[in-house]
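Report on the structure given below.
The values are calculated or read from the model by the stated rules, or taken from the named source; none is laboratory data. Values in this document were obtained by computation on a predicted structure and should not be read as measured data. With ideal geometry, Cβ positions are generated from the backbone for all residues, glycine too; neighbour counts draw on all protein chains shown. Accessible surface is based on the protein model in full, side chains and every heavy atom, while ligands, DNA and RNA are left aside. Shrake-Rupley method; radii C 1.70, N 1.55, O 1.52, S 1.80 Å.
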Amino acid sequence: MIAYTPEAVHDFAPQSLDDVPPILADHSVTWLDIQGLGDEKLLRHVAELFKLHPLALEDAVNVPQRPKSEVYENHYLYITRMTMLREGASELDTEQVSIFIGRNYVLTLQEHCGDVFDPVRQRINAGIGAIRTSGPDYLAYALIDTIIDGYYPVLEQIGENLEALEEKALASASKSTLREIYATKRQLLNLRRAVWPQREAVSALIRDESPLITAPVRIFLRDCYDHTVQLIDVSETFRELCGNLLDLYMSSVGMRTNDVMKVLTIISSVFIPLTFLAGIYGMNFEHIPELHVRWAYPALLGVMAVIAVGMLYVFRSIGWLGEREREREPDGSG
């Protein structure tokens, strides 16, 4: 819980909700942050304390909800999804965050412990910017802006992974590369589900007529809307790149298969005439002309070697074996 005025800040963890009403009665802006939705009794007490609408509380505790904005008589509800990068995690870590905006308070309900709000807490404690001299709607804007900005490191990491996967797909089309491509595609799909509805939710904050959101804060919320649109564009671009990586992977697999089949075909083609000659002189006829000639055996081996080398030379000259040497183009110099 953080309660602040332009002159002072009171940052503490209340032992019980009985400590909250005296602070709410003060003229300060109060931010109560609840991490975890497992204590039903506590949440009901919070709803009674802040006079939350039953439908608003139901949306906040029943996860996952689609990001949205709802206007009620005594408060404003904004539901969003927060994403974070965790070390060693293959899946995208997203959770629901519900932000209640009142006349002198902001209440946040998080699905799990841990968030991206530390920069906001530091700004409040240090008195940086206009956050200490503004109302709860500006605090809610700062929280929403921090959540949206938290998507940029995630997208940056995904972009680096896509570049690495592109090199892997070109170098070695293995099954592990295919699994990584599908894992990245699943991350982008989850990211799309979290980002796309936020555009409409932020737009509703700007558009809805509510005394809890002042006109100056609506101007700041336009910046959040622009950032959301930018995130959508980047995520869609990465989804297209991921689809292109799948095509590149399949093309790489096809090229490797063609190379293998080409080598096998060349080997078979070389051994066909050799097998033909071996089959002729392997027949059990008595009167074969070269059967009793002393040089017949080495002559036959020489003929086979000449045929094999000649066929390999022909295959190489027409570009079927190895790389065909490119003819040099005149550079035009005298």
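Of all residues in segment 210-251 being more than 23 Å from the chain's Cα centre (by Cα) and among the β-branched types (Val, Ile, Thr), which is most open to solvent (accessible area, probe 1.4 Å)? Residue satisfying both the conditions and the ranking: ILE219. Screening ASN190 on (1) touching a Pro at 6+ places or on another chain (Cβ under 7 Å); (2) surrounded by 15 or more Cβ atoms within 10 Å (Cβ to Cβ); (3) modelled with pLDDT under 90 shows it passes everything except condition (1).
Within the bounds of segment 128-137, is there any residue that is surrounded by fewer than 17 Cβ atoms within 10 Å (Cβ to Cβ) and in a helix (DSSP H, G or I)? No: segment 128-137 contains no residue that is surrounded by fewer than 17 Cβ atoms within 10 Å (Cβ to Cβ) and in a helix (DSSP H, G or I).
Yes/no per residue for (1) within 18 Å of LEU170 (Cα to Cα); (2) not β-branched (Val, Ile, Thr):
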position: ARG207; (1), (2): no, yes
position: ILE213; (1), (2): no, no
position: LEU221; (1), (2): no, yes
position: TYR225; (1), (2): no, yes
position: LEU231; (1), (2): no, yes
position: GLY243; (1), (2): yes, yes
position: SER252; (1), (2): yes, yes
position: ARG256; (1), (2): yes, yes
position: LYS262; (1), (2): no, yes
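Could you please let me know if ILE124 is part of a helix (DSSP H, G or I), over 29 Å from the mean Cα position of the chain (by Cα) and either over 24 Å from LEU212 (Cα atoms) or among the aliphatic types (A, V, I, L, M) (or both)? Judged against the criteria, ILE124 is a match. Only a single criterion out of (1) in contact with a helix residue (DSSP H, G or I) (Cβ under 7 Å, 6 or more places away or on another chain); (2) open to solvent by 70 Å² or more (accessible area, probe 1.4 Å) is not satisfied by PHE271, namely (1).
For segment 309-321, the set of residues classified as more than 23 Å from ASN258 (Cβ to Cβ) and open to solvent by less than 70 Å² (accessible area, probe 1.4 Å) consists of GLY310 only. Can you go through ASP39, ASP33, ASP11 and tell me which one is under 18 Å from GLN110 (Cβ atoms) and touching a Ser or Thr at 6+ places or on another chain (Cβ under 6 Å)? Result: ASP33 is the single residue among ASP39, ASP33, ASP11 that is under 18 Å from GLN110 (Cβ atoms) and touching a Ser or Thr at 6+ places or on another chain (Cβ under 6 Å).
Within segment 201-222, does at least one residue satisfy the condition of being among the charged types (D, E, K, R), modelled with pLDDT of 90 or more and part of a helix (DSSP H, G or I)? Yes, segment 201-222 contains a residue that is among the charged types (D, E, K, R), modelled with pLDDT of 90 or more and part of a helix (DSSP H, G or I).
Taking every residue in segment 160-171 that is without any contact (Cβ under 8 Å) to a residue 60 or more places away in the chain and pairing it with any residue that is assigned to a helix (DSSP H, G or I), at least 6 positions away or on another chain, the pairs with Cβ-Cβ distances below 6 Å are ASN161/THR184; LYS168/THR177.
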